[in-house]
Amino acid sequence: MPRLIDSESLARVMKQRVVRSAERRLLISNISGSAEAEDSYAIVNCRGFGRKRAFRTYRFQGPLDDSIERTRTQRVLCSGYPRENVTYTQVFQLGGCSWRCWYCYVDVALLSGTESRGAWLTSEDLLELYEEEPDRPDIIDLSGGQPDLAPGWPVWMVRALAAKSYGNRIFLRSEDNLSGALLTETLDASDLRILREARYSRIGCFKGFDAESFSFNTKAVPSGFDRQFEVARDIISAGIDFFAYVTLTGPRTEDIAAKVADFMDRLQDVHPLLPLRVVPLKVTPSSTWPQPGSPVAADAGRTEIEALSRWTAEIVRRIPAATRSLPMEEISL
Ligand code: SF4
């Protein structure tokens, strides 16, 4: 069996490769010419350093067999954003990640801090590229890779936006694979206040429903599964607006019902209503998959179908319909 990734060690290496904190510069991936750029949903823009993403069909979200759950989750995760049929986000990608999820839609080179596949840019540089675009989304999404390798990035972007005439019309999101340093240990009180007061949402992603499926998905040591709950708890306790996705893929396994129920217990231990802010994804093939239809994908897909069904059953069993019927962002954590 290949050696599992030591998340902390790889994160240290990646930080050195993709973050220059003193200058507030980041290695931002150039997506042009990548396998990722071949995907149907990728509209590469900003001279290759960004992509526009459409939230139109929500096909990437799990096929939930409950009408309230289906309706509730069909919306871009971004507090305060008006409900619209099609929502576009402007995505920028940090060029490193400490994990190697088998289903990742990003090229490995764009996860590895490969300097030749990006450029060192500040948030102000990114906004200049954004301003060149004729049709600009009003949601900016700091993505990756693993954007939380640069904990200061959302704060730098809020400050850069504040200097712009259009800045107060923009909603900001950043993603977080819930593996890194605690936000409250990396940002000071004034930075946290900036994030709380901005139109800012943080989107975590839980990988799997137990330590085994976590390792299967990320190729990282299983302790990272527990870490995800600590990081999520810290973000919520800091008062930051928080949503999450979860991928419920895993190896062929027994007792999926009990494992998903345990996972839901862990989420509810962070906050009783946290499951209502978590959207399960349906992993779909992308251009970066080395072997579409591979045994890994087939096994994971079978597990995912059952786990998705158990996910819905657990939510319906645990939380009254009146609460579940509220829009996601009205679920107060
Ligand atoms: S954490 Fe996200 S960016 Fe990193 S490998 Fe997994 S899916 Fe890709």
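The values are calculated or read from the model by the stated rules, or taken from the named source; none is laboratory data. Predicted, not measured: the structure shown is a model, and the values here were computed from it. Note that each Cβ is placed from the backbone with ideal geometry, even for glycine, and that neighbours are counted across all protein chains shown. When the accessible area is computed, the model is the full protein with side chains, heavy atoms only, and any ligands, DNA or RNA have been set aside. Shrake-Rupley method; radii C 1.70, N 1.55, O 1.52, S 1.80 Å.
Does residue 286 fit the bill of being at pLDDT 90 or above and either within 30 Å of residue 39 (Cα to Cα) or polar (S, T, N, Q) (or both)?
Numbers: at pLDDT 90 or above: no; either within 30 Å of residue 39 (Cα to Cα) or polar (S, T, N, Q) (or both): yes.
Here the answer is no, as residue 286 does not meet what is asked.
Taking residue 76 and the conditions (1) aliphatic (A, V, I, L, M); (2) more than 16 Å from the ligand (Cβ to nearest atom); (3) over 28 Å from residue 313 (Cβ atoms); (4) open to solvent by less than 30 Å² (accessible area, probe 1.4 Å), which numbered condition does it fall short on, given that it satisfies the others?
Exception for residue 76: condition (3).
Among the helices (runs of 4 or more DSSP H) confined wholly to segment 207-282, which include 3 or more residues that are more than 23 Å from residue 185 (Cβ to Cβ)?
211-218, 256-270
Given the condition in contact with a Gly (Cβ under 7 Å, 6 or more places away or on another chain), open to solvent by 30 Å² or more (accessible area, probe 1.4 Å) and more than 14 Å from the ligand (Cβ to nearest atom), answer yes or no: does some residue in segment 41-64 qualify? Steps first, answer last, please.
The first filter runs over segment 41-64 and keeps only residues in contact with a Gly (Cβ under 7 Å, 6 or more places away or on another chain), leaving none.
So far as segment 41-64 goes, no, none of its residues is in contact with a Gly (Cβ under 7 Å, 6 or more places away or on another chain), open to solvent by 30 Å² or more (accessible area, probe 1.4 Å) and more than 14 Å from the ligand (Cβ to nearest atom).
Given (1) over 17 Å from residue 215 (Cα atoms); (2) modelled with pLDDT under 90; (3) open to solvent by less than 50 Å² (accessible area, probe 1.4 Å), where does residue 279 come up short, assuming only one miss?
It is condition (2) that residue 279 fails.
List the residue pairs whose Cβ atoms are under 9 Å apart, where the first residue sits in segment 153-177 and is within 16 Å of the ligand (Cβ to nearest atom) and open to solvent by 30 Å² or more (accessible area, probe 1.4 Å), the second is assigned to a loop (DSSP other than H, G, I, E, B) and hydroxyl-bearing (Ser, Thr, Tyr), and the two are 6 or more positions apart or on different chains.
If the second residue must be assigned to a loop (DSSP other than H, G, I, E, B) and hydroxyl-bearing (Ser, Thr, Tyr), no pairs are left.
Working only within segment 90-116, note down all residues that are within 16 Å of the ligand (Cβ to nearest atom) and touching a strand residue (DSSP E or B) at 6+ places or on another chain (Cβ under 6 Å). It would help to see each step written out before you state the result.
Taking segment 90-116 as the starting set, the residues that turn out to be within 16 Å of the ligand (Cβ to nearest atom) are 91-114.
If the condition is that a residue be within 16 Å of the ligand (Cβ to nearest atom) and touching a strand residue (DSSP E or B) at 6+ places or on another chain (Cβ under 6 Å), then 91, 92, 93, 94, 95, 99, 110, 113 are the ones that fit.
Pick out the one residue from 262, 255 that is more than 14 Å from residue 102 (Cα to Cα) and either open to solvent by less than 10 Å² (accessible area, probe 1.4 Å) or without any contact (Cβ under 8 Å) to a residue 40 or more places away in the chain (or both).
Values: 262 fails: either open to solvent by less than 10 Å² (accessible area, probe 1.4 Å) or without any contact (Cβ under 8 Å) to a residue 40 or more places away in the chain (or both).
None of the others qualify; the one that does is 255.
Could you check segment 233-254 and list, in sequence order, the residues that are under 15 Å from residue 306 (Cα atoms), out of contact with any helix residue (DSSP H, G or I) (no Cβ under 7 Å at 6 or more places or on another chain) and at pLDDT 95 or above? First the steps, then the outcome.
Step one: list which residues in segment 233-254 are under 15 Å from residue 306 (Cα atoms), which gives 246-254.
Going one step further and asking which of them are out of contact with any helix residue (DSSP H, G or I) (no Cβ under 7 Å at 6 or more places or on another chain), we end up with 246, 254.
Result: 246, single match.
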